[in-house]
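Student: Once you've had a glance at the structure underneath, I'll fire off some questions.
The values are calculated or read from the model by the stated rules, or taken from the named source; none is laboratory data. All values reported here derive from a predicted model rather than from experimental measurement. As a convention, Cβ positions derive from the backbone with ideal geometry for all residues, glycine included, and neighbour counts pool all protein chains shown.
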Amino acid sequence: MSFKAISRQLMLPFALLLTATPGAHAAPPAGRLLASQCAQCHGSNGNGPGFDEIAGKSASELRKDLLEMKRRPVEGIMDRQARGYTDAQIKLIADYLAAYTRGGDN
Ligand code: HEC
C-alpha cells in the first residue's frame, strides 16, 4: 500500500471525528455534571445504595444543607464535599437533584 493510501486511511477517521463532533451532542446540564460526584455515595438517583438518601429533598433544602456543610467546621465527609463547590455550583446541584423523588427510579 502506498504512503498516500495509508495516510488517507489514517486521516479519514480523524476527519470524520472533527466534522462530527461540533454540535453532535448537546452538553448535559451543568447541575448534572456537578452532581455526578454525589452518585458515588448517594446513588445515581439520590436513592442509594450508599449513605443517606438525598432524593426527595427540595432544591431549597438541599441548597441550605450544602451551604451549611460548606461553612461549618470540617468534621465529616460532607463538609469536605461541600467545600469543593462555589455557592453558584451548589445552587445548580440542588436544582438538579431536587428533580429526583424518594424511592423513585428516575
Ligand atoms: C464520599 C462520599 C460522599 C459523597 C461523594 C457525597 N456525600 Fe453526601 N453524604 C455522605 C455521608 C457519609 C453523609 C452522612 C453523614 C454526613 O452528613 O456527613 C452524607 C449526607 C448528605 C446529606 C444530608 C442528608 C440528610 O438527610 O441529612 C446531603 C444533603 C448530601 N449528603 C448531599 C450530597 C451532595 C449534593 C453531594 C454531591 C455534591 C454529596 N452529598 C456527595 C457522603 C458523601
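Yes or no, residue by residue, for (1) modelled with pLDDT under 95; (2) within 13 Å of the ligand (Cβ to nearest atom); (3) part of a loop (DSSP other than H, G, I, E, B); (4) among the hydroxyl-bearing types (Ser, Thr, Tyr):
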| residue | (1), (2), (3), (4) |
| --- | --- |
| Met11 | yes, no, no, no |
| Leu18 | yes, no, no, no |
| Ser44 | yes, yes, yes, yes |
| Gly50 | yes, yes, yes, no |
| Ala55 | yes, yes, yes, no |
| Leu62 | no, yes, no, no |
| Pro73 | no, yes, yes, no |
| Ile90 | no, yes, no, no |
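Student: Consider only pairs whose beta carbons are under 9 Å apart and that are at least six residues apart or on different chains; among these, list those whose first residue lies in the range 34-49 and is closer than 16 Å to Gln81 by Cα and whose second residue is within 11 Å of the ligand (Cβ to nearest atom) and charged (D, E, K, R).
Tutor: Cys41/Asp52; His42/Asp52; His42/Glu53; Gly43/Glu53; Gly46/Glu53; Gly46/Lys57; Gly46/Arg102
Student: Something else about it: Identify, please: which residue in the range 75-88 is part of a loop (DSSP other than H, G, I, E, B) and loosely packed, with under 12 Cβ neighbours inside 10 Å and is, among those, nearest to the ligand (Cβ to nearest atom)?
Tutor: Gly76
Student: I'd like the residue in the range 20-37 that is over 8 Å from the mean Cα position of the chain (by Cα) and surrounded by 10 or more Cβ atoms within 10 Å (Cβ to Cβ) and, out of all such residues, is modelled with the lowest pLDDT.
Tutor: By that ranking, first place goes to Ala20.
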